[in-house]
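Only one structure is covered here, and it is reproduced in the block below.
Derivation of every value follows stated rules applied to the coordinates shown; laboratory data play no part. The shown structure was predicted, so the numbers you read here are calculated from the model rather than taken from an experiment. Virtual Cβ from ideal backbone geometry, glycine too; neighbours counted across all protein chains shown.
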Amino acid sequence: MIAYLFVIFTGAFLLFQVQLILARYLLAWFGGAANVWNTSMLFFQCILLAGYGYAHLLTQKNNSPKKQISIHIAVLSISLLLLVVQQIFWSVPILPPLSLREGIGGGPTLRMLGTLSMSGGLPFFILALLQVLFFAEVWCYQH
């Protein structure tokens, strides 16, 4: 039971830390207006919903455990590869460089969404999966 609580707490803590770090970083870039906070919260809620949907599709009964594992390992590998590439080109893998501040075209909302997608979108998506897949695995093991 303690292990379950640890996994749940750690997943939620990391999920919201990524969200707050990136949102606060964008607040400094785009002037601290309310639309910056609202746009980043909308982005993170949409990614969270996409993660829940992915976990639901992954744990359907027609997917064998081997297929589930191979699909999830592929997604984790893509995320890890992206973080390694970002580490090579950026100073910190999850925080975007200052060159992206003006480099993405469009209005400020599109620039914010593009920056969030390139910097923290996939790691946040992976963290959103953690609890749902963990609960599904525990439920299958107990039933």
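For n ≥ 4 DSSP H runs only, could you compute -39500 (n - 2.57) per run for the chain, divide by its residues and tell me the 222 nm figure to the nearest 500?
Per the formula, -26500 deg cm²/dmol.
Expected output is a single nm value to one decimal: the length gained when fully extending between Y4 and A34, i.e. 0.36 nm times separation in residues minus the C-alpha distance. What is it?
So the chain would gain 7.1 nm between Y4 and A34.
Label-point separation (nm) for M41 and L110, each offset 7 Å from Cα along Cα-to-Cβ?
Placing both labels 7 Å beyond Cα along the Cβ direction yields 2.5 nm.
Hey, what D do you get for the range 2-142 in µm²/s if you plug the Kirkwood alpha-carbon radius into Stokes-Einstein at 37 °C and 0.692 mPa s?
The calculation lands on 201 µm²/s.
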